[in-house]
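Just below is one structure, and these are the notes that go with it.
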Amino acid sequence: MRISIVGHHYEYDFRNIANIFLEQEACTIAHDLEPSDKGHQIVSKLEDKDVRTLTTGLYTDGQLVKEWVSFVDPKLDTIMFKKRTKRTLVRQLYEALSMCHDALSKWGVLVGVRPTKLCHELMDQGHDDDEIRKILDEDYFLSEEKVNLLLEICHLERPYIYPIKEDRFSIYLSIPFCPTRCLYCSFPSYAVAGREKEIEAYTEKLIYEITETAKSLDVTKVDTIYFGGGTPAVLSSEQIKRIVKAINDNYDVSSLREFTFEAGRPDAIDEPLLETLKELGVDRVCVNPQTMDDRTLEIIGRKHNVEQTVRAMAMVKKYNFDAVNMDLIVGLPEETLSDAKLSIDSVLKLKPENITVHTLAIKRSSRLNRERDDYELPNEHLVEDMLSTIDEEVRAQGYVPYYMYRQKYMLGNLENVGYTLKDKASIYNMMIMEEKQTILAFGAGASSKFFYPSEDRFERVHNVKSLEDYLSRVDEMVKRKVEVMKS
């Protein structure tokens, strides 16, 4: 397949759409009109005259098979004009490709991380469910299954997100250390062995970033706090207490709605940690085994076993946190449908309030990507069966989906879904996905998001990813945030 682009520069978006239908090496995208007299060719043109004209032609062996023509009103405001142009060209490309190949995704032209944002946008515009179904089907080509998922999640999320409270923000704390680095990991994470001094230095710098940033804030009222990683449980109780003290001393936590600690690896959880978390007011803990199969745990380098997960959950349950989340990853190397069923059945027996089901994403910086030929991965049809089986089982036990997101390089172009029991949804997870609240993020690899409700936009501010850079450049991380806050 050859895709020729004339008059516009949406190559990145076109590549994402082409990848829904074709392996990357099976498609060429070029900025020219060189004709192809063999096979399929798509020509996408943008012409600006009195009215912007968007044309896509599908050719087979040099002969025009079908042509799509649309017009964009130049009287639209600049942002909507550009948005309408891109969406129309992308839809035309999708339709042309679908005449030659079967789509490998049920998400239609939606290739971004947050498809729920579109659904919320349509609700904000006053569309009812039937109208939204029609738009998502006819304009975006979503399957009925995915449309239903979006509507279900958005209806659950809206009471938590609206009305928007401009006087509140959330805090995210990145702890980039783990007992070992997993096969699929792409996060800025470092094995803890021999890094005791670096962990202490990191704790000090994190406290410094928290404290110095607070000096430039106009609003200090914190809505939620989230310790993420990595594996935050590798910190000592004393280090955790110092970090939380820095937040309490510099921000208003009097109306905190949620405090999450992603303990992570079961082998890092012990009684002193849990006592500390309870003392500090943590009300939500994450225990993330990723699989409940010992053989798969060994393959992915987790260095713990299923029995340790069961013991960790027993410990956590003793402390009566308001909610416990457990993470699973579907599509791990050599995983079968029976393995996925074993994992979800085992997790359900442990009765967490939240279950987050991730589809394996093969990120470029992961060891799995570098050594992909050494592992047998489930195909997209099997992974979809795994997700469907898990969905049926968790719903039968009273769980419902409450947030979702997608990632690049996911098996089967699928999704990650968080499930919850009634009234136990994670507020932070919904806020980070729907981007309707400022989130101040501290630590290596953390990304702050500053939300401007009157303009319905946000601005990202990224911290450096490497531990070494963060330790030496923390003043720069503070300055980046301050500059945005004062602009």
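No other residue among G108, G126, G112 is exposed (fewer than 15 other Cβ atoms within 10 Å of the Cβ) and on the phi > 0 side of the Ramachandran plot apart from G126. Candidates are the residues of segment 216-257 that are small (G, A, S) and surrounded by fewer than 15 Cβ atoms within 10 Å (Cβ to Cβ); the one that is nearest to Y452 (Cα to Cα) is S216. The residue of segment 156-200 that is modelled with the lowest pLDDT, among those that are of a type in the set (G, A, S) and outside any loop (DSSP other than H, G, I, E, B), is A191. Just a yes or no: is a residue in segment 15-35 in contact with a Pro (Cβ under 7 Å, 6 or more places away or on another chain) and among the aliphatic types (A, V, I, L, M)? Checked against the condition, which is being in contact with a Pro (Cβ under 7 Å, 6 or more places away or on another chain) and among the aliphatic types (A, V, I, L, M), segment 15-35 yields no hits at all.
Scanning segment 145-170 for residues that are under 22 Å from the mean Cα position of the chain (by Cα) and open to solvent by 30 Å² or more (accessible area, probe 1.4 Å) yields E145, N148, E152, H155, L156, R158, P159, Y160, Y162, I164.
Just checking, does segment 236-256 include any residue being of a type outside the set (G, A, S), assigned to a loop (DSSP other than H, G, I, E, B) and under 24 Å from K465 (Cα atoms)? No, because not a single residue in segment 236-256 is of a type outside the set (G, A, S), assigned to a loop (DSSP other than H, G, I, E, B) and under 24 Å from K465 (Cα atoms).
Of all residues in segment 67-77, exactly one satisfies the criterion of being open to solvent by 90 Å² or more (accessible area, probe 1.4 Å) and within 15 Å of L97 (Cα to Cα), namely E67. Here M477 fulfils each of the conditions (1) buried (at least 20 other Cβ atoms within 10 Å of the Cβ); (2) among the aliphatic types (A, V, I, L, M); (3) closer than 29 Å to E121 by Cα apart from (3). How many of the residues making up segment 96-129 are charged (D, E, K, R) and not in a helix (DSSP H, G or I)? Final tally of qualifying residues: 4.
Annotation: of all residues in segment 78-92 being at pLDDT 95 or above and within 22 Å of E415 (Cβ to Cβ), the one that is least open to solvent (accessible area, probe 1.4 Å) is V90. When we screen D252, D218 for residues that are over 18 Å from G264 (Cα atoms), modelled with pLDDT of 95 or more and more than 26 Å from the chain's Cα centre (by Cα), the only hit is D252. Applying the condition of being open to solvent by 90 Å² or more (accessible area, probe 1.4 Å) and under 26 Å from the mean Cα position of the chain (by Cα) to segment 8-38 and asking which residue is nearest to D48 (Cα to Cα) yields Y12. Only one of (1) touching a Gly at 6+ places or on another chain (Cβ under 8 Å); (2) open to solvent by 60 Å² or more (accessible area, probe 1.4 Å); (3) under 25 Å from L150 (Cβ atoms) is not met by K465, so which one is it? Here K465 meets the rest and fails (3). Go through segment 309-359 and give me each residue that's open to solvent by 50 Å² or more (accessible area, probe 1.4 Å), part of a helix (DSSP H, G or I) and not small (G, A, S). Correct list: V310, R311, K317, K318, L337, K341, L342, K349.
Residue by residue through segment 366-399, note down the ones that are under 30 Å from I427 (Cα atoms), open to solvent by 50 Å² or more (accessible area, probe 1.4 Å) and either in contact with a His (Cβ under 7 Å, 6 or more places away or on another chain) or not in a helix (DSSP H, G or I) (or both). Of everything in segment 366-399, just one residue is under 30 Å from I427 (Cα atoms), open to solvent by 50 Å² or more (accessible area, probe 1.4 Å) and either in contact with a His (Cβ under 7 Å, 6 or more places away or on another chain) or not in a helix (DSSP H, G or I) (or both), namely Q397.
The values are calculated or read from the model by the stated rules, or taken from the named source; none is laboratory data. None of the values given here were measured: they were computed from a predicted structure. Don't worry about glycine lacking a Cβ; one is built from the backbone with ideal geometry, like all the others, and counts go over all protein chains shown. All accessible areas refer to the heavy atoms of the entire protein, side chains included, with ligands and DNA or RNA removed. Shrake-Rupley method; radii C 1.70, N 1.55, O 1.52, S 1.80 Å.
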